[in-house]
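Derivation of every value follows stated rules applied to the coordinates shown; laboratory data play no part. It should be emphasised that the depicted structure is a prediction, and the values quoted were computed from it without experimental measurement. FYI the Cβ positions are ideal-geometry reconstructions off the backbone, even for glycines, and counts take in every protein chain you see.
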Amino acid sequence: MACHEIAALRLGMMNVLGIKDESVIQHEKNEIGPEALSSPGPIQSLTNANNFEDLIRFFEASLVELEQTISKLASGDPKTGYYTSLLILTKKVELDLKNSAKSFQTLYLDLEEMHDFVHEIYPS
């Protein structure tokens with residue numbers, strides 16, 4: 001069992017943040033596996049995300065797939081505990097990701113406000 005959602009998110013975040021660490025990239029790709037990396041869907045798309053909007057959209061889509069996987073588990077399946085824990089973890093990560101995106105949007109808006117404020121203090 002692997003945490004494909006988390007590994008794919010890390011790869012997408014590396015794109016967004018401009019991190020180019022080949023050892024981490026390879027580690028995360030190994031975690032995901034060649035089948036999931038080559039199959040069209042949220043995991044593959046998430047690994048290629050280039051902005052916060054895509055990170056959130058594809059991560060949410062990967063959680064839908066995770067929920068579907070959990071719903072198909074037979075009663076008493078030994079994987080149930082793992083997948084349930086993974087679902088809780090990924091939900092927390094989803095909330096953190098959305099909050100981070102909002103923080104960057106707020107920073108962007110605040111920069112304009114501060115810029116205007118500087119011009120109020122020092123008019124040209």
Of the candidates 11, 55, 87, the one satisfying the condition of being touching a residue at least 12 places away in the same chain (Cβ under 8 Å), in contact with an Asp or Glu (Cβ under 6 Å, 6 or more places away or on another chain) and surrounded by 10 or more Cβ atoms within 10 Å (Cβ to Cβ) is 11
Test residue 80 against the criterion of being over 18 Å from the mean Cα position of the chain (by Cα), of a type in the set (Ser, Thr, Tyr) and surrounded by 13 or more Cβ atoms within 10 Å (Cβ to Cβ), and give yes or no.
yes
